[in-house]
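The values are calculated or read from the model by the stated rules, or taken from the named source; none is laboratory data. In this text the structure is predicted, and so the values were computed from the model without any measurement. All Cβ positions, glycine included, derive from the backbone under ideal geometry; neighbour counts span all protein chains shown.
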Amino acid sequence: MMSTESFSIQTAQLRGVNALPVTVEVGVTQGIPQISIVGCPDTVVMESRMRVRNAFKSCGFSIPHSHITI
């Protein structure tokens, strides 16, 4: 049986001068170590994976050797 951990955080997306509430959910499972970002149909997603890796390192966290889905 695969162990799964899931987390969520409330944040906001700016649209002009309005802030729209957004819930970001993260799942960590066993499997091939990688970061997958879903729900954004844009090429910016590729850059986002590097931003997530850099944010982990900047905060002093190590990236787990697990499959991370955001």
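Below, the figures for the structure above:
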| read-out | value |
| --- | --- |
| Which numbered condition Ile63 fails, given (1) at pLDDT below 90; (2) surrounded by 10 or more Cβ atoms within 10 Å (Cβ to Cβ); (3) over 13 Å from the mean Cα position of the chain (by Cα) | (3) |
| Of all residues in the stretch 1-57 being of a type outside the set (Asp, Glu) and in contact (Cβ under 8 Å) with a residue 40 or more places away in the chain, the one that is surrounded by the fewest Cβ atoms within 10 Å (Cβ to Cβ) | Val24 |
